[in-house]
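Notes follow once the structure below has been shown.
The values are calculated or read from the model by the stated rules, or taken from the named source; none is laboratory data. If you're wondering where the values come from, they're calculated on a predicted model, not measured in any experiment. Every residue, glycine among them, receives a Cβ derived from its backbone with ideal geometry; neighbour counts consider all protein chains shown. Quick note on the areas: whole protein, heavy atoms, side chains included, nothing else; ligands and nucleic acids left out. Shrake-Rupley method; radii C 1.70, N 1.55, O 1.52, S 1.80 Å.
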Amino acid sequence: MSLLVVGSMAFDSIKSPFGEVERVIGGSATYFSLAASYLTPVRLVSVVGRDFPKETLAMLSARGIDLQGLKVAEGVTFHWKGYYEYDLNVAHTVKTDLNVFENFAPVLPASYRESRYVFLGNIDPKLQLDILAQVREPKIVALDTMNFWIGKSPQLLREVIRSVDIVVINEAEVRELTGEFNLVKAARKLMRMGPGRVVIKRGEYGVLHLSDGEIFAAPAYPLETIFDPTGAGDSFAGGFMGYLASRDGAPLTEMDYRLATIYGSAIASFTVEAFSTERLQGLSREEIDSRLAAFRALTEFRV
Ligand code: AMP
């Protein structure tokens with residue numbers, strides 16, 4: 001069943017303790033759609049400028065990502081510049097140039113309107129609302145956001161949060177959004193705003209997944225080589241939503257949500273092994289399956 005994503009497509013300039021890259025491919029929708037493409041067909045809604053490489057678009061298409069909803073506009077592609085210190089869980093933004101996103105008014109292709117699974121990736125909440133209004137009868141809508149939008153558009157963000165089923169969010173951002181330091185309390189507060197589930201991304205400490213009466217904790221895979229955490233959150237969301245969409249037909253159980261969380265964590269663990277989308281572009285089913293098995297071994301114990 002098709003999964004619709006709206007989010008940024010970007011050039012990223014990133015410095016981490018392990019290296020520095022200029023204007024590499026990034027963006028929330030790029031990471032999300034690549035990660036999800038291993039599990040389900042993806043429909044992408046975004047905008048790039050004429051400076052965005054055609055080869056990257058061809059690579060996304062070749063992975064089965066539908067680009068009918070991608071607009072190539074006059075102007076310059078979104079650019080994010082950031083850095084990480086030794087605490088790779090915290091991304092420091094140096095510059096956010098919205099560029100072609102400033103005037104982007106997405107119109108969904110007719111074929112996208114029936115999408116049952118929707119991911120409102122990290123982007124202007126106004127665009128998230130625009131997209132939601134154009135999807136006819138979604139089964140599950142999830143949303144991600146970040147401090148930039150919490151600060152810039154708090155009212156619109158609350159409006160969109162009210163209409164979604166799941167919020168997938170970083171731990172620092174859920175604290176900022178709710179004004180609550182304790183993550184369980186913060187998630188409960190967020191759920192009172194509308195969504196039935198909150199998935200808190202905690203970088204190298206894994207993920208905390210909360211719904212009414214349930215808490216599931218997944219570790220992050222303890223890698224020896226990490227180059228760049230950029231995109232880990234979006235790749236997690238892609239694996240998570242990709243798995244849920246792939247299960248369409250059967251009613252989703254709590255175990256499905258748990259397995260979706262592990263799929264997300266497994267696919268995200270590849271993203272951080274290289275800069276940009278390098279590692280995420282050419283995964284094999286065997287690599288994903290063996291990392292799922294490694295996750296199982298990581299937390300298995302008997303009483
Ligand atoms: P994450 O998965 O959380 O590491 O997100 C990384 C991606 O978010 C980067 O590739 C950036 O291009 C993108 N990004 C950074 N700031 C923003 C923003 N304000 N709006 C949309 N996307 C952003």
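Of note:
- Residues (of a type in the set (S, T, Y) and open to solvent by 20 Å² or more (accessible area, probe 1.4 Å)) located in segment 71-83: Y83
- Single condition S115 does not satisfy, out of (1) within 16 Å of the ligand (Cβ to nearest atom); (2) out of contact with any Phe, Trp or Tyr (no Cβ under 8 Å at 6 or more places or on another chain); (3) among the polar types (S, T, N, Q): (1)
- Scan segment 48-70 for residues that are in contact (Cβ under 8 Å) with a residue 24 or more places away in the chain and either loosely packed, with under 15 Cβ neighbours inside 10 Å or among the aliphatic types (A, V, I, L, M) (or both) and the total you get is 10.
- Boolean, A218 is of a type in the set (G, A, S), open to solvent by less than 20 Å² (accessible area, probe 1.4 Å) and within 14 Å of the ligand (Cβ to nearest atom): no
- Failed condition for D228, given (1) closer than 22 Å to G151 by Cβ; (2) among the acidic types (D, E); (3) modelled with pLDDT under 95: (1)
- Going through (1) within 13 Å of the ligand (Cβ to nearest atom); (2) of a type outside the set (V, I, T); (3) part of a loop (DSSP other than H, G, I, E, B); (4) open to solvent by 50 Å² or more (accessible area, probe 1.4 Å) one by one, Y86 falls short only on (1).
- Residue identified as farther than 13 Å from L34 by Cα, of a type in the set (V, I, T) and in contact (Cβ under 8 Å) with a residue 60 or more places away in the chain among T225, T261, T253: T261
- Taking residues in segment 189-215 that are at pLDDT below 95, and partners anywhere that are assigned to a loop (DSSP other than H, G, I, E, B) and not small (G, A, S), the pairs with Cβ atoms closer than 6 Å and at least 6 places apart or on different chains are G203/N89.
- If the condition is being surrounded by 18 or more Cβ atoms within 10 Å (Cβ to Cβ) and hydrophobic (A, V, I, L, M, F, W, C), then segment 136-149 contributes I140, V141, A142, L143, M146, W149.
- Where a residue in segment 111-124 is surrounded by fewer than 24 Cβ atoms within 10 Å (Cβ to Cβ) and its partner, wherever it lies, is in a loop (DSSP other than H, G, I, E, B), with Cβ under 7 Å and at least six apart: R113/V135; R113/R136; E114/R136; R116/M1; R116/P138; R116/K139; R116/D248; D124/S153
- For Q155, the conditions (1) out of contact with any Lys or Arg (no Cβ under 8 Å at 6 or more places or on another chain); (2) farther than 25 Å from R175 by Cα are fulfilled apart from (2).
- Among the residues listed as I123, I65, the single one being within 11 Å of the ligand (Cβ to nearest atom) and in contact with a strand residue (DSSP E or B) (Cβ under 7 Å, 6 or more places away or on another chain): I123
- Of all residues making up segment 152-180, the number that are small (G, A, S), within 13 Å of the ligand (Cβ to nearest atom) and out of contact with any Asp or Glu (no Cβ under 8 Å at 6 or more places or on another chain): 1
- Among residues of segment 262-287, those that are open to solvent by 10 Å² or more (accessible area, probe 1.4 Å) and aromatic (F, W, Y), counted: 2
- Segment 161-177, residues that are open to solvent by less than 10 Å² (accessible area, probe 1.4 Å) and either in a loop (DSSP other than H, G, I, E, B) or among the polar types (S, T, N, Q) (or both): V164
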